[in-house]
Amino acid sequence: MSVSPSPSSSSEDSGPVATAQQSVERSGRSGDGIISMSPGLAPVTSRHWRDVFWLGIFVMHLILLGLVLGVLGLNRFRKQDRLNIDKYTAGFLENQAGLTEDYWPLYAVAGGVGTVIGWTWLLLLGSRATQMMKVSVHVLTAYLAVISVLCFWGEQVFWGVAFAIGAGLQFLYVISVIDRLNFTMLVLQKAVKMVWNLPEVMRVACAFMIVMLLWLSLWSFGAAGVVASSMGDGGRWWLLVVFSVSLFWTGAVLCNTVHVIVSGMVFLVLIHGGREAVSMPPNPLLKSLRYAVTTSFGSICYGSLFTAAIRTLRWEIRGFRSKIGNNECLLCCVDFLFHLVETLVRFFNKYAYVQIAVYGKNFNHSARDAWELFQSTGVEALIAYDCSGAVLLMGTVMGGLITGTCAGVWTRIKYPDRVIMVGSTAMLMGMILVGLAMVVVESAVTSLYICYAEDPLLIHRWDADFFNQMSETLHQRLQHRSARAREVLTHSRLDDQIQESTGA
């Protein structure tokens, strides 16, 4: 199959494309059970259990935390100090104790609102997804600012400052990447097109949201018991922070499990030329699901600990780095952080989940291979220019803020001194539930980039116009990087000449 270059791009566009095509030959590796891969055939792999240690840690953490949550919730359920636990916190008594059922309905509201937002997102994915993402980008700053003002009005200075800083960072980030949003929206539209034609992945997302709700019912039962306990605010906050970190990890694991399932489906659709292709293996969704929750689950647990934090930090640093200008001192500090984060990205990136879905490797190996593939083909320049992950994160945060606001308003009416405590944890619940809906699009985006790097002809066969636009943008980004490199080299030589002349 031959590919004609984009009419609007120069002949040099074939450079990165040709390089990407060479990566197909490299994908026929024997390591990690990989046998072969060709554009017309699905990758054949022998699956082995990966990162089993982290699978054990995650399961043990769930069991232990589940027991603690159950005990703390039951201790205040319909009777104060039912299990006689208060004697261990006698030195920290500062507040009037309540009952678990006083606060549990507030978390039920958060779970309901988060689920409705997530399911609404999935239902509107085919018709209103682009508008919803644009609203998230432009409204989030104002929403954060309004919540900051409300926190100051309620004399919650710390949270007012925190939300104000969040609003400022969000505004600066959007300003720094405003020129990238057109390409970002194009990529997101194509990802939505892909997943909308795979209704089974929507059902997977809904099923995992139900699983998350079941865990949240236990988690919120324990959290309500903590809020109702007789401990002082310091003790309550420490426990809630620990429980929130655990919930974040659990939510990330479920989101990334969906990510692996959807990535496997999208990759198969692209490599076989459509879900109705004769060469498509039987029951591909069930196979992806089985691999995700068995042999690859340890890798998902491991990657979920670090990936989200590292990628968020990378987005912020990239946005500020592009707007620093000629401030050499600040540029030096940001460059140090940038290279540190780039090193971490090599071993912790979301594209690893596609490699896990397709080849069944461990997480670090998958992340490293994906990043080396992007760097060797030049596609990394395109990924750095794309902000689709950040836009989807903004939508997730927006959903979390709406959830937290709904729970916070009701808490304000019934228990004014518990607004921040309940509202902040409810916000996390909402973000996780909405994130389970958003991740289907993110999975499609990552799969599209992996397929483009592995074999651009797969993208061309699926959508020729999108292929041409990607190739042209990649060519432009590579030219931009070359120009910047020449500029830096020229300035360096001039500085050396000036120092030499001064020394002479």
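Using 0.36 nm per residue of separation minus the Cα-Cα distance, give me the extension gain between Lys414 and Ile63 in nm, one decimal.
Numbers: separation 351, 0.36 × 351 = 126.36 nm, distance 3.29 nm.
Result for the pair: 123.1 nm of gain on full extension.
Coupling constants for segment 348-357 follow from the phi torsions by the Karplus curve (6.51 cos²θ - 1.76 cosθ + 1.60, θ = phi - 60°), and in residue order they are 9, 9, 5, 6, 4, 5, 5, 4, 4, 5 Hz; glycine and proline get x.
Using a probe of 1.4 Å, the accessible surface attributed to Glu276 totals some 140 Å² when neighbouring protein chains are kept in position. Each label point was placed 7 Å from the Cα along the Cα-to-Cβ direction; for Ile210 and Ala108 their separation is 2.0 nm.
With all protein chains present, how much of the accessible area of segment 204-275 (probe radius 1.4 Å) comes from carbon and sulfur, to the nearest whole percent? Don't jump to the answer; show the numbers that get you there.
Numbers: 1580 of 1930 Å².
Answer for segment 204-275 is 82 percent, counting heavy atoms of protein chains only.
The values are calculated or read from the model by the stated rules, or taken from the named source; none is laboratory data. These numbers were taken from a predicted model, which means no experiment stands behind them. Positions of Cβ are backbone-derived with ideal geometry, glycine not excepted, and every protein chain shown enters the neighbour counts. With ligands, DNA and RNA removed, areas are computed over all heavy atoms of the protein, side chains included. Shrake-Rupley method; radii C 1.70, N 1.55, O 1.52, S 1.80 Å.
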